[in-house]
Amino acid sequence: IHRDHPLAQHGGLTESALEQVRQLRLNTWVEPHAIAPPGRVWSAPTYLLLLEMAEQGFGWSVLPRWLVTQFGHGLLQELALPGWPQQIAVEAIWSRRNPPGPAGRWMIDQLCAQPRS
């Protein structure tokens, strides 16, 4: 959320408090019949658009930290919510006949690296 938003100043937020503020969601059109979350919602087809909308103060969004660090302008404040940040399990699979190249090897190394605290 934008660092000047009142929610950015709260320590122990709940999901019900977030429902009072517009949520900015990713909409890739993969699940057109997905159940909409409660409250006001705007959607965008890319994370970069969500980042821009959040930086302009239109609401809050779930964004990858690396995206905010690399492309953000220092305007967003991470919210402290129970259960966040979430860890996402990822598996990398490749063919023995066609092993990953330099970019694929880099990605695997990054996925296997210990998370930084």
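Miscellaneous remarks
- The chain: angle of helix 102-112 to the longest principal axis, Cα-based, in degrees nearest 10: 60 degrees
- For the peptides 15-28, 88-101, the ranking by mean Cβ contacts within 10 Å, running from highest to lowest, is 15-28, 88-101.
- Calculated diffusion of segment 1-114, Stokes-Einstein form, Kirkwood radius summed over Cα pairs, 4 °C and 1.567 mPa s, µm²/s: 79 µm²/s
- The string of couplings for segment 79-87 from the Karplus curve (6.51, -1.76, 1.60, θ = phi - 60°) is 8, 8, 10, x, x, 10, x, 8, 9 Hz, one whole number per residue in order, with x for Gly and Pro.
- Near the amide H of Val41, within less than 5 Å, lie the amide hydrogens of Gln23, all on another chain or at least 5 residues away, with H placed in the peptide plane.
- Peptides 55-68, 1-14, ordered by how many other C-beta atoms sit within 10 Å of their residues on average, highest first, read 55-68, 1-14.
- Where segment 5-117 is the region considered: accessible area per residue in Å², 1.4 Å probe: 80 Å²
- Mean ellipticity per residue at 222 nm, deg cm²/dmol - from DSSP H runs of n ≥ 4 across the chain, formula -39500 (n - 2.57): -7000 deg cm²/dmol
The values are calculated or read from the model by the stated rules, or taken from the named source; none is laboratory data. Because the structure is predicted, anything quoted here is derived from the model rather than measured. Cβ atoms come from the backbone with ideal geometry, glycine included; neighbour counts cover every protein chain shown. The accessibility values were calculated without ligands, DNA or RNA, using every heavy atom of the protein model including side chains. Shrake-Rupley method; radii C 1.70, N 1.55, O 1.52, S 1.80 Å.
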